[in-house]
Amino acid sequence: MATIATPRAAAPQPQGTHRWSGALRLNLLATIGAVLVAVFIILAIFAPWIAPQDPASINLPARLSGPSTSHWFGTDELGRDIFSRIIYGARISMLVGVSVVTLSFLIGLVIGCIAGYYGGRLDRFVNVVVMNAFLSFPGILLAIAFVAFLGPGIFNLILALSIGGWVGYARLVRAQVLGTRQREFVEAARALGASDWRVITRHVLPNMIQPVIVQAAIGMAGAVLAEATMSFLGLGVPPPAASWGSMLNDGRAHLFDAPHLVLFPAVAVMLAVLSFNFIGDALRDYLDPRSRIEAGL
């Protein structure tokens, strides 16, 4: 008489293995983004020592040359080395990105904290009048108008991009402060006679800053892309400074006969934007308890 084999229960997977696999899924993109950001920062800081040639050196006999051992990414219409110009372009993108996010973050943090903490007429004026007035115009149009009025330059570019960038941080901070100021520990600090400055800095900010940090990480990608857009329109850093956006603008006339003029700057912009988006998404997932539970962390 044949016996029926009973299926064996699958061996339970070690909890540590599940935790490590969840951490790997959660942090893989963050690791890739962090490595790319570290590469761009190193290129920006050590550009004079890493770049093989002067990015502004003109060599007309070698113009529009394809990638080779002497010019890894080829040359542009003036014979300038594209690889060197991309390395120096990382300086502009990282500087503008960090400066714009820092300035927008600080302005939005101050205005959002004041409006959300004190509320009342001040909050209505800031939220309904000021913020909506800035949100009614696209940020890139405000930046174009500002730079067109004051002239191109890295300082004017940073100010122009920060004019419309602070509103997003201010609205997020205001919403977080409105929810935090009613918590029990804030009420206890007020009852003990703590000043508004102490309540905001010691009790409110530490408990609402996490989503703002995530927004800042993702905002770096937007700032890099906005700088490339402004430089593409000729409103960024004036030549002969190397900028990824201006390189794209210069290369569009040779899109078919020398596509490397557009390909390599476009890849640089894409990698920079993706790296900051990866870091922002990973921070958002890590700081969200529900995402951590789903990942087994």
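The values are calculated or read from the model by the stated rules, or taken from the named source; none is laboratory data. Computed from a prediction, not measured in an experiment: that's the story for all the values here. Using ideal geometry, Cβ is built from the backbone for each residue, glycine included, and neighbour counts are taken over all protein chains shown. The area values use the complete protein model at the heavy-atom level, side chains included, leaving out ligands, DNA and RNA. Shrake-Rupley method; radii C 1.70, N 1.55, O 1.52, S 1.80 Å.
Each Lys and Arg Cβ is given +1 and each Asp and Glu Cβ -1; about its Cα centre, the chain then shows a dipole of about 940 debye.
Could you sort 143-153, 49-59, 87-97 so that the peptide with the highest average Cβ count within 10 Å comes first and the rest follow in order?
On the way: 143-153: 15.6, 49-59: 14.1, 87-97: 23.6.
The most tightly packed comes first, giving 87-97, 143-153, 49-59.
Taking each residue as 0.36 nm, the span from residue 133 to residue 118 lengthens on full extension beyond its C-alpha to C-alpha distance by 3.3 nm.
Using a 1.4 Å probe, what is the accessible area per residue for the chain, in Å²? Don't skip to the end; give the middle numbers.
Details: 16350 Å² over 297 residues.
On a per-residue basis, 55 Å².
State whether the chain is rounded, prolate or oblate according to the following rule on the C-alpha gyration tensor (a ≥ b ≥ c being the square roots of its eigenvalues): a/c under 1.5 gives rounded; otherwise a/b larger than b/c gives prolate, and the remaining case gives oblate. Judged from the Cα gyration tensor, the chain comes out oblate (a/c at least 1.5, b/c at or above a/b).
Among all helices in the chain defined by DSSP H, which have a length of 20 Å or more along the axis from Cα atoms plus a Kyte-Doolittle mean of at least 1.6?
82-118
Specify the residue with the greatest mean-square fluctuation among 174, 190, 80, computed from a Gaussian network of the chain linking alpha-carbon atoms under 10 Å apart. Checking each option, the largest mean-square fluctuation is seen for 190. A straight chain from residue 195 to residue 270 at 0.36 nm per residue would run longer than the Cα-Cα distance by 22.3 nm.
Here residue 64 and residue 31 are evaluated by their C-beta separation; at R0 = 51 Å the FRET efficiency comes out at 0.85. Here the accessible area of segment 59-167 is 74 percent carbon and sulfur, with a 1.4 angstrom probe and all protein chains present.
Mind ordering 265-272, 193-200 by average Cβ neighbours within 10 Å, highest first? Walk me through the intermediate numbers first.
Details: 265-272: 19.9, 193-200: 13.2.
Averaged packing, sorted descending, gives the order 265-272, 193-200.
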